[in-house]
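One structure below.
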Amino acid sequence: MLVEINPNNIDSRLIQQAVQILQKGGLIIFPTDTVYAIGCDLKNKKAMNALASFKGLKLKKTRFSIICHDLKHLSEYVKHIDRPVFKLLNKSLPGAFTFILQATNEIPRLFDTKRKEIGIRVPDNSIIQEIVKELGSPIATTSLHDEEDSIKDYFIDPYVIYERFDDKVELIIDGGQGRLETSTVVDLTSGEPVIIREGIGKLEY
C-alpha cells in the first residue's frame, strides 16, 4: 500500500494509519533526510524478526539503528553520556547523522544479541518524526540499500520503491523524492567523535 504525505502539511490520519500498522507488527518504508528507509516498532519482537528477514539476516546478526523522536528517552537505550557528547548530539540532531553510542542492557534484549553499542538517528524529516512521536517508542531501522550497493532510483523514487517492495511491506510512504547520499556515521563510544562514514551530515565540533 502506498500513501502520499506532504511533509509541509501532514495529514494526521495518515500518520495514525502508519502508527497502527507498526503497532500490529508491520513493516513500513518511509522518507528520511537521506535515502528511504525501512523500519518497525523496536519493541515488537515479531516485527524485529520480520525486518531482519527482509535484509536476509537473523535478528542477532543485524546492525539496525534506532530512530528516536528526540534525545529525552536516550537513557533507556544508551549508557550515561558526558556533557560534551550530549552537546554534540543536541547540536547535530535532528540531522543526517547516525551516532554510535554505548548501549544499555535493553539493546541486547531487544536484538537477541550481545551487542554493546547502538546507532541513534533523529532524521530532519517531519513525517518520520511525527510517526515516532505518535508511536511513543523508537523505530528500528535500516536503509533500503545495502552497503555494497550504489544508490539507484529504487532507493529514492517512491513509485519505483512501491513497484519493487509493495509485496514485502505493509506500507510505503511517499514523502517526495529521496536523496542519493546516506547519513554520516559517527562513533562516540570512546567519547571522542570518530567519523566512520562520510555522508550528508557535516559534523561541527
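No value in this document is a laboratory result; all are computed from the given coordinates. Treat the numbers as computed from the prediction; the structure is a model and nothing was measured. Note: ideal-geometry Cβ built from the backbone for every residue, glycine included; neighbour counts use all protein chains shown.
Observations, loosely collected:
- Cα-based Kirkwood hydrodynamic radius, the chain, one decimal, Å: 17.0 Å
- Taking a point 7 Å out from the Cα of Lys58 in the direction of its Cβ, the residues of the range 100-131 whose backbone N falls within less than 12 Å of it are 112-114.
- Helix 12-23 axis, angle to the chain major axis (alpha carbon atoms, nearest 10°): 70 degrees
- Amide H contacts of Ala103 (H built 1.01 Å from N, under 5 Å, at least 5 apart or other chain): Lys79, Glu117, Ile118
- Cross-link pairs beyond the 25 Å C-alpha cut-off, checked among Lys61/Lys87; Lys46/Lys116; Lys24/Lys55; Lys24/Lys133: Lys61/Lys87
- Net lengthening on full extension, Asp157/Asp124 (0.36 nm per residue, minus Cα-Cα): 10.0 nm
- Residues considered: Glu192, Glu170, Glu130. Largest GNM mean-square fluctuation over the chain, using C-alpha springs under 10 Å, is found at Glu192.
- Extension gain, Asp11 to Leu71: 0.36 nm times the residue separation minus the Cα-Cα distance gives 19.1 nm.
- Here the Karplus relation 6.51 cos²θ - 1.76 cosθ + 1.60, evaluated at θ = phi - 60°, turns the backbone of the range 158-164 into coupling constants of x, 6, 5, 4, 4, 4, 7 Hz, with x for every Gly and Pro.
- Computed FRET value (nearest 0.05) for Glu134 with Ser190, which takes r as the C-beta separation and R₀ as 25 Å: 0.10
- Net charge over other residues, Cβ less than 10 angstrom from the Cβ of Thr184 (K, R count +1; D, E count -1): 0
- Extension gain (nm, one decimal) between Asp166 and Lys116, 0.36 nm per residue minus Cα-Cα: 14.6 nm
- Gaussian network model of the chain, Cα within-10 Å springs - most flexible of Val186, Val194, Val35: Val194
- Whole-Hz ³J(HN,Hα) from phi, Karplus 6.51 cos²θ - 1.76 cosθ + 1.60, for the range 75-85, glycine and proline x: 4, 6, 10, 10, 5, 3, 10, 7, 4, x, 5
- Computed across the range 94-205, the Kirkwood hydrodynamic radius from all distinct Cα-Cα pairs reaches 15.9 Å.
- Global geometry of the range 64-147, whether rounded, prolate or oblate, following the gyration tensor of its Cα atoms and the 1.5 cut on a/c: rounded
- When +1 charges are put on Lys and Arg Cβ atoms and -1 charges on Asp and Glu Cβ atoms, the dipole computed for the range 163-205 relative to its Cα centre reaches about 140 debye.
- What you get for the chain, charging only the Cβ of Lys and Arg (+1) and of Asp and Glu (-1), is a dipole of about 1000 debye around the Cα centre.
- Calculated on alpha-carbon atoms, Rg and Dmax of the range 100-149 in Å: 12.9, 34
- Positive-end residue of Ser126, Ala52, Pro158, charge dipole of the chain with Cβ unit charges: Ala52
- Two-site FRET efficiency, Gln102 against Gln23, from Cβ-Cβ distance with R₀ of 35 Å, rounded to 0.05: 0.75
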